[in-house]
1. What residues have an amide H closer than 5 Å to that of Asp304, excluding those fewer than 5 places away on the same chain, when H is modeled at 1.01 Å from N in the peptide plane?
2. Measure nothing but the geometry: give the 0 to 90° angle between the long axis through the Cα atoms of 131-142 and the longest principal axis through the Cα atoms of the chain, rounded to 10°.
3. Using a basic spin-label model with each label point 7 Å from the Cα along Cα→Cβ, how many nm lie between Lys289 and Ala364?
4. Quick query: amide H of Ala244 versus all other amide H atoms, modeled in the peptide plane; which residues come in under 5 Å with a sequence gap of 5 or more or a different chain?
5. Could you list the residues of segment 178-200 with an amide nitrogen less than 17 Å from a label point located 7 Å from the Cα of Glu298 in the Cα-to-C-beta direction?
6. Give the share of C-alpha pairs in each 10 angstrom bin for the chain, from 0 to the last occupied bin, in whole percents, shortest bins first.
7. Tell me, what ³J(HN,Hα) does each residue in segment 144-159 have, in order and in whole Hz, if you take phi through Karplus 6.51 cos²θ - 1.76 cosθ + 1.60 with θ = phi - 60° and put x for Gly and Pro?
8. Springs between alpha-carbon pairs under 10 angstrom, Gaussian network model over the chain: which of Asp181, Asp82, Asp143 fluctuates most?
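Bear in mind these aren't lab numbers, they're just calculated from the coordinates by the rules spelled out. Bear in mind the structure is a predicted one, so any value in this text is a computation, not a measurement. Cβ sites come from the backbone with ideal geometry, for glycine too, and all protein chains shown count toward neighbours.
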Amino acid sequence: MPGASRILLIIGGGIAAYKALDLIRRLRERGHAVTPVLTRAGAQFVTPLSVSALAGRRVFSDLFDLTDEAEMGHIELSRSADLIVVAPATADLMAKMAQGHADDLASTLLLATDTPVLLAPAMNVRMWQHPATQRNLATLRADGIGFVGPNEGDMACGEHGPGRMAEVPEILAAITAALADGPLKGRRVLVTSGPTHEPIDPVRYIANRSSGAQGTAIARALVALGAEVVFVTGPATVPPPDGAEVVRVETAREMLAAVEGALPVDAAIFAAAVADWRMANASDRKMKKTAGGLPVLEFAENPDILATVSQMTKGRPPLVVGFAAETHDVLDNATAKHARKGCDWIVANDVSHATGIMGGTENAVTLVTGDGVESWPRMSKAEVAARLAERIARALAADI
Ligand code: CTP
């Protein structure tokens, strides 16, 4: 996460308030200072003591007394942060913000502030879908308020649908994006990375030599330019980038589901080395030598994630970038792949053993776009990533 920042965290009332405790820990691990504000309703779910113990500083509450005003007035408190995060943001708090009410500490801070605000809504599905909340959401968006979530899923109230507060890693990624200042600020970008593992039986699998290094470097470069990055990764050997929302998968089919779940995005970069085939006859029990004879492995074709997303008729990301890992006729194969998959750009590289690219730290790529072909000199994977991230920023700024 680039730089340490001051975050004012308003914890509203809702069962999801428990996640705010973990959020405080993770923010502090990343070096951020967290000033917590607990609403009266929030204090029904988490105690001021746990909040202040985790934040390492006092918690401000609705019972704002005169000493506080003498020490730090609410105006100053509202402006002493780089970002205000409301998690959970209740329907009531959203309504107050949309109307400009200032009848308690949280709403007063939110009205008085001149710093960016990020909301993580959490509420019952019907409350979220109610026209009043949707009106408030539209008003707040138009006011420049940022949102992360809510997610769809089972809710504590027993219902199912949108309304669950975003998970802590998603909120962290949105915070990073909100704090970052770069040409990709406000853009959501998906990156797939790493190999996939396709099970043969519970202990054996088919894999490939991808380390995830190039995909990770691209995600890091996008974060550095201010993008909100969703990083869908197979079992890679390099650790995932800081500041991105990380979704871990094993198989190609899981990767496709995670990618579809991450949409809509402004750009999607498919750097993963997805297995083209999986076992059609994977066994749910360990295959035994004693079974006699040699096992026969039957293959089935995996979904092509890049082609699926490139050819979506509704909700296709405005920029879709694929990779072509080739061992021969790099340019011809990449150009053919560009047309066949229907993506906007192909980043092609020669992964034949002699180049040392696969699993190595350097890369030599050729970029195939609708406008032509560019060969980039051999450079580090981090440099390739930075250059590609800049190209993506320029393309999105120009509305592609
Ligand atoms: N890809 C994907 N899903 C798959 C296979 C590949 O999304 N099931 C994506 C990769 O992430 C990469 C691009 O498609 O961006 C090209 O992958 P590659 O393996 O080079 O292409 P293939 O479709 O396997 O073509 P070929 O077998 O001709 O190399």
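1. none
2. 80
3. For Lys289 paired with Ala364, the spin-label model returns 4.4 nm.
4. Close amide H contacts, sequence-distant or interchain: none at all.
5. Only 199-200 fall inside the zone, counting backbone N under 17 Å.
6. 5, 21, 27, 21, 16, 8, 2, 0, 0
7. Going residue by residue, I get x, 6, x, 10, 10, x, x, 9, 9, x, 6, 10, 4, 7, x, 9 Hz, with x marking Gly and Pro.
8. Result: Asp143 has the largest fluctuation of those listed.
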